[in-house]
Amino acid sequence: MKADILIKGGRVIDPSSGTDTIADVALYDGLVAAVGRLEGVFAKETVDADGMVVAPGFIDLHCHLREPGPADETIESGTLAAAAGGFTAVCAMPNTTPPVDSPAMVEFIRLKAASEANVRVLPIGTITKGRQGLELAELALMAEKGAVAFSDDGSPVADGEMMRRALEYSKIVRRPIIEHCEDMSLTNGGEANEGPVTTWLGLNPIPRASEECMVARNLVLAIRTRGRLHLAHLSTELSISLFNWAKGYGADITAEVAPHHLALTEALLAGYETYAKVNPPLRGEEDRAAVALAAKNGLIDAIATDHAPWSDEKKKKEFRSAPNGISGLETAVAMSWTALVNGLGMAPSDFVARFTTGPARVLGFAPPSLSEGSAADITIIDPKTVRAVEPRDFASRGKNSPAGGMQLSGWPRATIISGRAAMLDGVVRRWRV
């Protein structure tokens, strides 16, 4: 038997089939050729996966590749970061300059990715034209060009009637509406989570209700319209409870949480640390614990990076002037593994599901699989290695991570796309999908 890559002796976890076993995986001609105790395989490359988790390729539902726009990131650099972080596919958010709000702009992302991307890029279009919240964008035409979802991320759809119409359209185009839940009148120029830290630092507070009120409105609209709603980066205990409540009404809803809300708290803002400034803001321990528990128990469908890279020139400013965002593609898996598997005893099979079957369910895709004949998109995780985060070594142009120096485990060991290694042993290999 011939193979391009033979993965030896790993813990093969495939949530789509319920597989969790020690096995070899042979990859040939872009497909999974065989899974089991394999002998007599002649492989061009062999990966020793003893003690490691071998999973279907991880999908990131929510990242900012910044193209078109300023050079804080590019599709090339962002997808190199994705490969380094263990992701075989990423969903590119449309709050770019100009925004991805037309079929032509969706096509631009697809063509740019075809020539420059190192992992699969799935374009997301805006909900409204120009992300202005005044007029629906051409959702059906963008879907025809390859938009997998719609979002005005970075801004909420403030007008309830506009959001209601978007959810009605979601049923026609069969794509989810991804909503950034924030009541801007309650945010009111706030800079960090309302509580002792903002009081101590003298920062303008952002009340939790800013997120929670908009979560509640959107859930009610999803219940009434039966539209397809996905809630981005939930970060408070009450938001989680509201989401659980709406599920009881049979709403067609899903939700994600970000690794930094699973693992980090507002305590990192001490010293006016702008790298920890993000929207929604880092919360207190009670909210962090609630979000982590929801991710562990399966109430939350997916973990998504909300990768938001910025240059130091923009990020290292006086706190009020610094933009929101954390560069997270390269730390997302290890940060989440450390918080959930190590911290809460989450089953590795459930962990893998939050990055595979969960995101696929959100997008309406067939779940990624390791069954014979499936696409050879694979993520390998090393639970044993513990090392510190070093933002200077990021492939991303954005080095803006508050996790610098944190000791994490569960680092990606390999990222394989169509049977070719985009990253192996921490070394990213430049190639085109």
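The values are calculated or read from the model by the stated rules, or taken from the named source; none is laboratory data. Since we're looking at a predicted model, the values are computed, not measured. Neighbour counts run over all protein chains shown; Cβ positions are idealised from the backbone, glycine included.
Report yes if some residue within region 114-130 is among the charged types (D, E, K, R), surrounded by 24 or more Cβ atoms within 10 Å (Cβ to Cβ) and on the phi < 0 side of the Ramachandran plot; otherwise report no. Looking for residues that are among the charged types (D, E, K, R), surrounded by 24 or more Cβ atoms within 10 Å (Cβ to Cβ) and on the phi < 0 side of the Ramachandran plot, one finds none in region 114-130, hence no. The C-beta contact set for region 391-417 (first residue outside the structural domain of ARG66 (by TED's automatic domain parsing) and of a type in the set (Lys, Arg), second residue in a helix (DSSP H, G or I) and surrounded by fewer than 18 Cβ atoms within 10 Å (Cβ to Cβ), distance under 8 angstrom, 6+ apart or interchain) comprises LYS399/ASP312; LYS399/ARG392. Evaluated against (1) of a type in the set (A, V, I, L, M); (2) under 19 Å from the mean Cα position of the chain (by Cα); (3) surrounded by fewer than 24 Cβ atoms within 10 Å (Cβ to Cβ); (4) part of a helix (DSSP H, G or I), ILE109 falls short on exactly one condition, (3).
Annotation: THR97 fulfils all but one of (1) touching a strand residue (DSSP E or B) at 6+ places or on another chain (Cβ under 8 Å); (2) surrounded by fewer than 22 Cβ atoms within 10 Å (Cβ to Cβ); (3) of a type in the set (Val, Ile, Thr); the unmet one is (1). For region 396-433, the candidate set comprises residues that are among the small types (Gly, Ala, Ser) and assigned to a strand (DSSP E or B); within that set, the residue that is surrounded by the fewest Cβ atoms within 10 Å (Cβ to Cβ) is ALA421.
Taken over region 45-61, the criterion of being out of contact with any Phe, Trp or Tyr (no Cβ under 7 Å at 6 or more places or on another chain) and not small (Gly, Ala, Ser) is satisfied by GLU45, THR46, VAL47, ASP48, ASP50, MET52, VAL53, VAL54, PRO56, LEU61. Exactly one residue out of VAL119, VAL197 is more than 25 Å from the chain's Cα centre (by Cα) and aliphatic (A, V, I, L, M), and it is VAL197.
Of all residues in region 1-49, those that are of a type in the set (Gly, Ala, Ser) and either under 23 Å from LYS384 (Cα atoms) or not in a loop (DSSP other than H, G, I, E, B) (or both) total 10.
Among the residues of region 295-338, those that are of a type in the set (A, V, I, L, M) and over 16 Å from the mean Cα position of the chain (by Cα) comprise LEU299, ALA322.
Residue check: is GLY284 modelled with pLDDT of 95 or more and more than 21 Å from ILE326 (Cβ to Cβ)? Taking the combined requirement at face value, the residue does not satisfy it. Being touching a residue at least 12 places away in the same chain (Cβ under 8 Å), more than 19 Å from ILE22 (Cα to Cα), in contact with a helix residue (DSSP H, G or I) (Cβ under 9 Å, 6 or more places away or on another chain) and buried (at least 20 other Cβ atoms within 10 Å of the Cβ) is the requirement here; does ILE381 meet it? No; evaluated as a whole, the condition is false for this residue.
What helices (runs of 4 or more DSSP H) completely inside region 281-373 contain at least 1 residues that are among the polar types (S, T, N, Q), surrounded by fewer than 18 Cβ atoms within 10 Å (Cβ to Cβ) and assigned by TED's automatic domain parsing to the domain that holds ALA33? Passing ranges: none, list empty. Taken as a whole, the structure places LEU27 among residues that are of a type outside the set (Gly, Ala, Ser) and within 28 Å of the chain's Cα centre (by Cα). Does region 41-48 contain any residue that is in the same structural domain as THR385 (by TED's automatic domain parsing), of a type in the set (Val, Ile, Thr), more than 30 Å from PRO99 (Cβ to Cβ) and surrounded by fewer than 15 Cβ atoms within 10 Å (Cβ to Cβ)? Yes.
Listed by position, the strands (runs of 3 or more DSSP E) contained in region 170-279 that have at least 3 residues being in contact with an Asp or Glu (Cβ under 8 Å, 6 or more places away or on another chain) and surrounded by 20 or more Cβ atoms within 10 Å (Cβ to Cβ) are 229-231, 253-257. For GLY373, the conditions (1) touching a residue at least 60 places away in the same chain (Cβ under 8 Å); (2) more than 20 Å from the chain's Cα centre (by Cα); (3) on the phi < 0 side of the Ramachandran plot are fulfilled apart from (3).
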